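To start, the structure under review is shown below, and the notes come after it.
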Amino acid sequence: MDIQELRTRNPEHWMRSTAIRALALDAVAQANSGHTGMPIGMADVATVLFSKHLKFDAQNPEWHDRDRFILSAGHGSMLIYALLHLTGDPEVTLDEIKNFRQWGAKTAGHPENFLLKGVEMTTGPLGQGIAHSVGFAMAEEMLRARFGKKLVDHHTYVIAGDGCLMEGVSQEAIGLAGRYELGRLIVLWDNNDITIDGKVSLSDVTNQPARFAASQWHVQEIDGHDPEAIDAALTAAKADPRPSLIACKTHIALGHAAQDTSKGHGALTNADQNIAAKENWGWTTGPFEVPADIKSWWETVGSRGAQDREAWEQRLSEQSAARQAEFARTMAGDAPKKLSATIKALKKQISETAPKVATRKASEMALEVINPILPETCGGSADLTGSNNTLTGDMGKFDTDNRKGRYVYWGIREHGMSSAMNGMALHGGIRPYGGTFMAFTDYARPAMRLAALQHIPTVFVMTHDSIGLGEDGPTHQPVEHLAISRATPNTLVFRPADAVETAEAWEIALTQSATPSVISLTRQNLKTVRTEHKTANLTEKGAYVLADAEGKRQVILMATGSEVEIAMAARDALQAEGIGTRVVSMPCWELFEQQDEAYRRKVLPAGPVRVAVEAACGMGWDKWLFNERGKRDKGAFVGMTGFGASAPYEVLYEQFGITSAKVAEAAKALL
Ligand SMILES: Cc1ncc(C[n+]2csc(CCOP(=O)(O)OP(=O)(O)O)c2C)c(N)n1
Ligand SMILES: [Mg+2]
């Protein structure tokens, strides 16, 4: 690539885009870590996108009708930090740029949505940006259908690298965007033919444009250093009704000694080479210095959207008061006041009729009363709608001709579904929940982890939650999945014991603002254990006394979900022998941990022996089995020690020894 030619072809553009290059070079060199080459290579694309197409107002990064910009290639974080700084985002000061990757800086190694308002989502795990973007674009379609183009009318732009496109989840995202004709989704591919280990051809020969085209995308291929070509491609992409891929042929670390090599991927810290690169670029100011005329041009870019925002605010203020309030409530993610009363009424009805239903069915019963009063919910399943019980009567199918539909048929794409749900939650205005079998948590995990990290309330509906699913056997029977979910920070893991606890779990999940929920549900029918109606949401405490000991309290049985019934039967047996036994239902460990010590001690007092029963691996239970003096000798766990098997579930519970008799036996052995 002839840098001289680029410099002279469009000198103004060149210097503006080179401001990004220079800041990236200086910040990475100062931090002595990071990724220099990507921001240098994509500076031209980003400059044209931000200055000519992206609708944003740098002073108001949370304006609801802004275009969303997602840096899927999150290692190139200095690209977005440079853009935010140059355009005048108040949070990204020059000091932040100088403190790139340092303790306490908002300019973390990879962009984090919870550190900077101008960052739409956390990226770094390759492929997640493009996968989340599907949800951003779906949310825009749904909200435009609901509130009208006057209030919702924006695009989603993604910069993705070779790595993002190589990750499997990209295929799920591409398929979904193509099927649902997400025409306002535009992906700019940094087609630089370089990854960490070398050239892309080392491990891949996929014809990427053909792959996108095969899923009905609009595809263009351009020189990613030609500002006119970039501008024209973006204009054409917006005009086309299909989602768009713009393959931008670029040179990683353009103009640097490391150009077009995998060395250019990482931190370029050689001082002589960096000086030479700046000379090559014609950049003569000192480190972190941007000439005033260039900075001021960028600030004009940053304020370009202010008028649009003001016009939008005007349009919002012209809506009826009720509509304005509903828009505000929806975008803030506040549950309607009716939710609590609705759940209470359902609980009362369940306690009175005591149905024997699977908790997946109980979940459907809860959703049947919730969805009509929460128009912001978006349900779905990864091709297991009838098994996950996620569809309710009023939702309608989301489709190309029905953007008001609130139920998404995600296809067999657990990972893509979970990422897209996160995208919806991040966009705002939508409360996504989606189902699959709990064993396939593994297929959804990368997105579940990102939901927790990004502080968003995505709800993962995981049915068929143990050997209790029976004949489908060990591939489908989760054993370790509760443990991995519980091990994930900032995640609420619910395993309700009956239809009442299920309704309570839904109420909690749908009122979260910054924490995802995993709702673990059975395939098999369970007795209602909460036969006495309580208006209070007992699941909110995480654990509570379901049945207390009669006489001297000698044993505490702890259980979740389907095993609460077993614990209750064990209690009957022990009480019959005169052994006072308390049963504690523990539908959500994380909420129990949040209670004060006095409450926790009240529920789990010192003294009695403790037995926990759960049809899963025992990892994590020690926390509740150890008594207050750190002694395990008074606690035992009854559960799984290996994989399950294929047989009717009653046989499996017998064979794996998860029975009331074994629980009672374990308790007596400790006395
Ligand atoms: C899921 C995942 N796997 C691996 C990595 C580590 N990693 C970061 S960047 C990168 C190479 C990416 O290549 P490309 O997207 O082409 O970026 P470029 O080198 O062109 O900047 C890898 C393997 C990661 N961040 N995420
Ligand atoms: Mg690359």
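The values are calculated or read from the model by the stated rules, or taken from the named source; none is laboratory data. Note that the coordinates shown come from a computational prediction; the quantities given were computed from them, not determined experimentally. Methodologically, a virtual Cβ is constructed for each residue, glycine included, from the backbone with ideal geometry; neighbour enumeration extends over all protein chains shown.
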Looking across the range 571-595 at residues that are within 41 Å of the chain's Cα centre (by Cα) and assigned to a helix (DSSP H, G or I), the single one that is surrounded by the most Cβ atoms within 10 Å (Cβ to Cβ) is R571
Per the filter on the range 540-570, residues within 14 Å of D498 (Cα to Cα) and assigned to a helix (DSSP H, G or I) are E563, V564, E565, I566, A567, M568
For S51, the lone unmet condition from (1) of a type in the set (S, T, Y); (2) crowded, with 24+ Cβ neighbours inside 10 Å; (3) touching a Lys or Arg at 6+ places or on another chain (Cβ under 9 Å) is (2)
Filtering the range 359-390 for residues that are outside any helix (DSSP H, G or I) and of a type in the set (G, A, S) leaves a count of 4
Condition set of a type in the set (G, A, S) and free of Cβ contacts under 8 Å to residues at least 40 places away in the same chain, scope the range 640-671, selection nearest to G618 (Cα to Cα): answer is G657
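Go through the range 1-57 and report how many residues are of a type in the set (A, V, I, L, M) and free of Cβ contacts under 8 Å to residues at least 12 places away in the same chain.
In the first step, residues of the range 1-57 are kept if they are of a type in the set (A, V, I, L, M); the result is 1, 3, 6, 15, 19-20, 22-25, 27-29, 31, 38, 40, 42-43, 45-46, 48-49, 54.
Next cut, free of Cβ contacts under 8 Å to residues at least 12 places away in the same chain only: none.
Summing the residues that are of a type in the set (A, V, I, L, M) and free of Cβ contacts under 8 Å to residues at least 12 places away in the same chain in the range 1-57 gives 0.
Just to check your reading of the model, which residue among K263, K278 is farther than 17 Å from M42 by Cβ, within 15 Å of ligand 2 (Cβ to nearest atom) and modelled with pLDDT of 95 or more?
Numbers: K278 fails: within 15 Å of ligand 2 (Cβ to nearest atom).
Going through K263, K278 in turn, just one is farther than 17 Å from M42 by Cβ, within 15 Å of ligand 2 (Cβ to nearest atom) and modelled with pLDDT of 95 or more: K263.
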Scanning the range 168-201 residue by residue, the ones that are farther than 16 Å from A447 by Cβ, outside any helix (DSSP H, G or I) and not acidic (D, E) total 16
| said: Regarding the range 290-302, can at least one residue be identified that is farther than 30 Å from V152 by Cβ and small (G, A, S)? | reply: yes
Of (1) in contact with a strand residue (DSSP E or B) (Cβ under 8 Å, 6 or more places away or on another chain); (2) within 16 Å of ligand 2 (Cβ to nearest atom); (3) part of a loop (DSSP other than H, G, I, E, B), R242 satisfies every one except (2)
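So for the range 155-163 (the condition being in a helix (DSSP H, G or I), within 16 Å of ligand 1 (Cβ to nearest atom) and under 30 Å from I430 (Cα atoms)), does at least one residue qualify? Show your work before the answer.
Of the residues in the range 155-163, the ones in a helix (DSSP H, G or I) are 162-163.
If we keep only those that are within 16 Å of ligand 1 (Cβ to nearest atom) as well, we get 162-163.
Now restrict to residues that are under 30 Å from I430 (Cα atoms): 163.
Scanning the range 155-163, I find at least one residue that is in a helix (DSSP H, G or I), within 16 Å of ligand 1 (Cβ to nearest atom) and under 30 Å from I430 (Cα atoms), so the answer is yes.
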Residues of the range 163-184 being within 16 Å of ligand 2 (Cβ to nearest atom) and buried (at least 24 other Cβ atoms within 10 Å of the Cβ), in sequence order, are C164, L165, S170
Log entry, pairs with first residue in the range 599-621 being surrounded by fewer than 23 Cβ atoms within 10 Å (Cβ to Cβ), second being in a strand (DSSP E or B) and hydroxyl-bearing (S, T, Y), beta carbons closer than 7 Å, six or more apart or on different chains, reads V603/Y544
Residue hits (the range 91-127; more than 16 Å from ligand 2 (Cβ to nearest atom) and either of a type in the set (V, I, T) or touching a strand residue (DSSP E or B) at 6+ places or on another chain (Cβ under 8 Å) (or both)) are V92, T93, I97, T107, P111, V119, E120, M121, T122
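Taking the condition away from ligand 2 (no atom under 16 Å from the Cβ) and touching a His at 6+ places or on another chain (Cβ under 7 Å), does L234 pass? Even if it seems obvious, please write down each step before you answer.
Values: away from ligand 2 (no atom under 16 Å from the Cβ): yes; touching a His at 6+ places or on another chain (Cβ under 7 Å): yes.
In short, yes.
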Reported set for the range 320-358 where residues are aliphatic (A, V, I, L, M), under 29 Å from the mean Cα position of the chain (by Cα) and part of a loop (DSSP other than H, G, I, E, B) is A335
Of the residues in the range 102-129, those that are in contact (Cβ under 8 Å) with a residue 60 or more places away in the chain and outside any loop (DSSP other than H, G, I, E, B) come to Q128
Criterion first (within 17 Å of the chain's Cα centre (by Cα), within 16 Å of ligand 2 (Cβ to nearest atom) and closer than 28 Å to G37 by Cβ) does I130 satisfy it? yes
Note on the range 189-207: residues closer than 17 Å to G124 by Cα and more than 9 Å from ligand 1 (Cβ to nearest atom) are W189
Residue hits (the range 185-203; touching a Lys or Arg at 6+ places or on another chain (Cβ under 8 Å) and either more than 9 Å from ligand 2 (Cβ to nearest atom) or small (G, A, S) (or both)) are I186
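Every residue, every condition in (1) crowded, with 19+ Cβ neighbours inside 10 Å; (2) within 24 Å of A24 (Cβ to Cβ); (3) among the polar types (S, T, N, Q), yes or no:
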{"site": "N191", "(1), (2), (3)": "yes, yes, yes"}
{"site": "G198", "(1), (2), (3)": "no, yes, no"}
{"site": "E221", "(1), (2), (3)": "no, no, no"}
{"site": "D226", "(1), (2), (3)": "yes, yes, no"}
{"site": "A239", "(1), (2), (3)": "no, no, no"}
{"site": "I252", "(1), (2), (3)": "yes, yes, no"}
